[in-house]
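Trainee: Please find one structure pasted underneath; my questions will follow.
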Amino acid sequence: MNPRYLPLTATIAIFLIAYAVCIAQYPNMLSTRVIGNLLTDNAFLGIAAVGMTFVILSGGIDLSIGAVIAFTGVLLAVLLQSTAIHPLAAFVLALAVTTAFGALMGAIIHHLEMPPFIVTLAGMFLARGMAFVLSIDSIPIKHPFYATLKSVYYKLPGGGRITLIGGLMLLVFAAGILIAHRTRFGANIYALGGGTATARLMGVPIGRTTVMIYALSGFLAGLSGIVFSLYTSAGYSLATVGVELDAIAAVVIGGTLLTGGSGFVAGTLVGILIQGLIQTYITFDGSLSSWWTKILIGLLLFAFILLQKGLILATDRRRRHA
Amino acid sequence: MQPASSYILSATGIDKIFPGAKALNRVDFSLRRGEVHALLGENGAGKSTLVKCLTGAYRRDGGRILVDGADVDPQSTLEAQNLGIGTVYQEVNLLSNLTVAENLFLGRQPKRFGLVDAREMNRRARALLAEYDLDIDVTAELAAYSVAVQQVVAIARAVDLSGKVLILDEPTASLDTHEVAMLFRIVRRLKERGLGIVFITHFLEQVYAISDRITVLRNGQLVGTRETADLPRRDLIAMMLGRELVQEVAGEHGAKGEAGPVRFRFRGFGRKGHIQPFDLDVGAGEVVGIAGLLGSGRTETAEILFGAERADSGTAERDGRTLDLSSPRAAIREKFGFCPEDRKVDGIVGDLSVRENIALALQARRGWARPISRGEQDRLADHYIKALDIRTSDREKPIKLLSGGNQQKAILARWLATNPDFLILDEPTRGIDVGAHAEIIRLIESLCEKGMSLIVISSELEELVAYSSRVIVLRDRAHVAELTGSAVTTDGIVEAIAASAGRADP
Ligand SMILES: Nc1ncnc2c1ncn2[C@@H]1O[C@H](COP(=O)(O)OP(=O)(O)OP(=O)(O)O)[C@@H](O)[C@H]1O
Ligand SMILES: [Mg+2]
């Protein structure tokens, strides 16, 4: 097998094994209900993680997404509370703001040659701060359109439901896979991750690609914020703290190399599902502390980083003997 | 004089200033349709810089560029590509994390219904590489292939991109004779189609074999442009160096240090799947040459001697004492040194200064607990910058800003600074200009006089003959012949290599 597929295969295998273990213990977990909930509960994280996958593939990082999600939620809540604007218009506005925010960070990273870590860290504080400026309280959203959207779902045999937001996440993943592998923009993202200097000599438009990558990440963080506000029917400036780290964890568990240039969007989906599965297991168990989720994810991350290190060594060897 | 527009590319008064160095000073360069134009000069003369100014990789600080008689000002390599200028840069490395096909078609992937058509792209990639006798899996990552294959892929990409102009910056540095011949066939074909080709190299035989005109740069200035046919080799070298070269490489060099008693003794040394077990004796002050085609096991031999690959059979002794060569660290402790072939990958640490790069191996041997004093480092760096004529504005310059050939000299200096007893040089003169070439060979000879044992791997047979007292010939990852004394001649080596069934594929 081509070694580049190995991390992805490992992730899928771990997911299947973990699911089998869960079912062996709690046969009830084998139901479309559980699967439907898994998608719904992790929809906002999954959507944001797609953006994070692109950023990491290009060799960067985006620490701002948790704050941007919270900001979007608060912005929507404030808009719907104090103006008569239709939620759809508010969505468009929120997406425009977050996309522009991401593009701005990308432009700073490229033109000022600043490390993405620093720029997006500043972006994180800025977005969180803006959320606080808008409101420090949790604002409920009571617009009837929200209720309509939440009642949309596709019924699976066995009683499970693919909700609007769960379905949206799957769509975003499908679009992400298409972008990564079937567009020139996608190829350029991988090229950036392989080395900026070389990519530039090969004629990759570095500046435009960098701006687009962070704009896309901003857009998806905004979309994730919309999904989160639908999910919780509220906007709160202290929400989704640390979600960027969960997203990074999902990307790495999904087999993407943290140094960029190698990985798959589909892997991130499996990474999200593994995290969700651990959480579901703990809920089913009832007696375990929810901190076990963190511990297990930590261990998984560690295992994956070791696996990747091993793979890099192995390919190096193969190349030298080729 | 032809009217300006009969030139496919012409540049006048090109200036390029780097902080602390004027890399190009009012350089003129023009390229005719259907000509191969060699761009020559010492290491650091400004050849690569000129190329990068022409292709928009660098912003020039002055001058005009005309393509087909029209003013152009490429801001990026992409623009230059769109103007029909295809380039293989000196630091070729394509993107090793992409597949071969993606590397070939990056930025111009065939599309279907607005989406990249991977199947069509792979088909075209295979067709493209077939012209280069390269039948490889184009869907595999580039990293899976050897440097030589990667180089051919880079060339194929540039040729495919070049509607009008093809620029090749030292493309032959990691190719063997067979591949060079193939490249020249393709270049001649492009020439017939009316393309202009710029060719940079330090192999003067190749210049005379393929070029129509020659432009020489020195210290960032134009020395002149001549018809190749009217420029004898001796005059060309004088143009490049600004002086006569006292003695060009080749020919017999004095006595090849009488080999002293055997000092290093390897018996049945080998590693499965890597290099077959071999016996090797090296005397004090002796130079043993290693010859063979690419992929014949030359580099593998070096790696195993240096512990970069652990031997799984045989013994190594020094004056009867067993040597520990289980890792490079152990080998360095035994006073072994190894200057690798692929310096880009195994060699330089780009962001460190020239001084730090030179001191690196010596520091590693001493252990990090005993730092080399700054004064000592300065002294070492200055000594080697002078001895090897490393062109740099000062010793604190980050090494990545040096020209390719000068980086190479710095790596050589790193190993010489450790003052090893057993030094392995893999292609020590590759990419190094004629002047420095002679310096390095003189240096090799003086090292041997001091009693150092040397293993030199080289594809330049005249060079091997010039300084080796013995030459070992490799084939299919085994040591197959050993030439000694009067048998060490270029013809003798060629014969021994050719006795093989065929070319070992890399
Ligand atoms: N980015 C840079 N910053 C500062 N100086 C540079 C930079 N790039 C090149 N130089 C300097 O410009 C000079 C010309 O370098 P260039 O790479 O053009 O030489 P070259 O003729 O291609 O040599 P070689 O044969 O060794 O490849 C060198 O002295 C080099 O140190
Ligand atoms: Mg150069």
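Every number here is computed from the coordinates shown, using simple stated rules; none is lab data. These numbers were taken from a predicted model, which means no experiment stands behind them. All Cβ positions, even for glycine, are placed from backbone atoms using ideal geometry, and neighbour counts span all protein chains on display.
Trainee: I'd like to compare B:81-87, B:311-317: which one has the highest average count of other Cβ atoms within 10 Å, and what's the full order after that?
Mentor: Per-residue mean Cβ counts within 10 Å order the peptides as B:81-87, B:311-317.
Trainee: Using the Cα centre as the reference, give the magnitude of the dipole from point charges on the C-beta atoms of chain B (Lys, Arg: +1; Asp, Glu: -1; all else neutral), rounded to the nearest 20 debye.
Mentor: Value, rounded to 20: 1160 debye.
Trainee: When only C-alpha pairs under 8 Å and at least 6 residues apart count, what is the relative contact order of chain B, in percent?
Mentor: 16 percent
Trainee: Once each part is reduced to its C-alpha centroid, what is the distance from region A:43-98 to region A:156-203 in angstrom?
Mentor: Each part's Cα centre sits 17 Å from the other's.
Trainee: Could you tally the net charge around residue A:262, taking each other residue with its Cβ under 11 Å from the Cβ of residue A:262, Lys/Arg +1 and Asp/Glu -1?
Mentor: Summing Lys and Arg as +1 and Asp and Glu as -1 gives 0.
Trainee: Okay, next question. Mind sorting B:202, A:111, A:143 by how few other Cβ atoms lie within 10 Å of their own Cβ, fewest first?
Mentor: Going from sparsest to densest Cβ surroundings: A:111, A:143, B:202.
Trainee: Let me ask something else about it. Of all trypsin sites (Lys or Arg not before Pro) in region B:282-341, which ones are in loop regions per DSSP and have a Cβ with at most 14 other Cβ atoms within 10 Å?
Mentor: Counting only loop positions with at most 14 other Cβ atoms within 10 Å, the trypsin sites (Lys or Arg not before Pro) in region B:282-341 are B:310.
Trainee: Right, here's the next one. Are there any chymotrypsin sites (Phe, Trp or Tyr not before Pro) in region B:75-127 that are in a DSSP loop and have at most 15 other Cβ atoms within 10 Å? List them by number.
Mentor: Those satisfying the criteria are B:113.
Trainee: Give me a single rounded figure for B:95-103: the average over its residues of other chain Cβ atoms within 10 Å of their Cβ.
Mentor: The mean count of partner-chain Cβ atoms within 10 Å per residue comes to 6.
Trainee: Also, I was wondering about something else. If you wrap region B:1-153's Cα atoms in a convex hull and average its projection over all directions, what's the area in nm²?
Mentor: Here the figure is 11.5 nm², rounded to one decimal.
Trainee: A further question on this structure: Sort chain A into rounded, prolate or oblate with this rule: let a ≥ b ≥ c be the square roots of the eigenvalues of the Cα gyration tensor; rounded if a/c is under 1.5, and if a/c is not under 1.5, prolate when a/b is larger than b/c, oblate otherwise.
Mentor: oblate
Trainee: Now a separate question. Could you estimate the translational diffusion coefficient of the protein assembly as shown from the Stokes-Einstein equation, with Rh from the Kirkwood formula over C-alpha pairs, at 4 °C and 1.567 mPa s, in whole µm²/s?
Mentor: 43 µm²/s
Trainee: Can you pull the percent of Cα pairs in region A:141-251 with separation above 20 Å?
Mentor: Looking at region A:141-251, the distances longer than 20 Å represent 57 percent of pairs.
Trainee: Let me ask something additional. Using the Cα gyration tensor of region A:19-140, with a ≥ b ≥ c the square roots of its eigenvalues, what is the shape: rounded (a/c below 1.5), prolate (a/b larger than b/c) or oblate (neither)?
Mentor: Oblate, since a/c reaches 1.5 and b/c is not below a/b.
Trainee: For peptide A:252-263, what's the mean number of Cβ atoms from other chains within 10 Å of each residue's Cβ?
Mentor: 1
Trainee: Next question. To the nearest µm²/s, what D does Stokes-Einstein give for region A:206-311 at 10 °C and 1.306 mPa s, using the Kirkwood radius over alpha carbon pairs as Rh?
Mentor: Answer from the Stokes-Einstein relation: 101 µm²/s.
Trainee: First check a/c for region A:120-188, with a ≥ b ≥ c the square roots of the eigenvalues of its C-alpha gyration tensor; if it is under 1.5, answer rounded, and if not, answer prolate when a/b is larger than b/c or oblate otherwise.
Mentor: oblate
Trainee: Just tell me how shielded B:48-61 is by partners: mean number of partner chain Cβ atoms within 10 Å of each residue's Cβ, no decimals.
Mentor: 1
Trainee: For chain B, what is the Kirkwood estimate of the hydrodynamic radius, computed as the reciprocal of the mean inverse distance between distinct Cα atoms, to one decimal in Å?
Mentor: 24.1 Å
Trainee: Ok, one more. Where does each of B:56-67, B:147-158 land if you order them by average Cβ count within 10 Å, highest first?
Mentor: Peptide ranking by packing, descending: B:147-158, B:56-67.
Trainee: Expressed in nm², what is the orientationally averaged projection area of the convex hull enclosing the Cα positions of region B:366-421?
Mentor: 4.4 nm²
Trainee: Here is a follow-up. So what is the 222 nm mean residue ellipticity for the protein assembly as shown from helices alone, if each DSSP H run of at least 4 adds -39500 (n - 2.57) and you divide by all residues, rounding to the nearest 500 deg cm²/dmol?
Mentor: Mean residue ellipticity at 222 nm (helix-derived): -16000 deg cm²/dmol.
Trainee: Could you tell me the convex hull volume per residue, in Å³, taken over the Cα atoms of region B:340-403?
Mentor: Taking only Cα atoms, region B:340-403 has a hull volume of 97 Å³ per residue.
Trainee: If you don't mind, another one. Of A:109, A:14, A:69, which has the largest mean-square fluctuation in a 10 Å C-alpha GNM of chain A?
Mentor: A:14
Trainee: Ranked highest first by the average count of other Cβ atoms within 10 Å around their residues, in what order do B:385-393, A:171-179 fall?
Mentor: With the highest mean Cβ count within 10 Å placed first, the list reads B:385-393, A:171-179.
Trainee: Dividing the alpha-carbon Rg of region A:66-212 by 2.2 N^0.38 Å yields what?
Mentor: Expressed relative to 2.2 N^0.38 Å, the Cα Rg reads 1.31.
Trainee: Here is a follow-up. Can you tell me the convex hull volume per residue for region A:220-260, based on C-alpha atoms, in Å³ to the nearest whole number?
Mentor: Taking the convex hull of the Cα positions in region A:220-260, it is 83 Å³ per residue.
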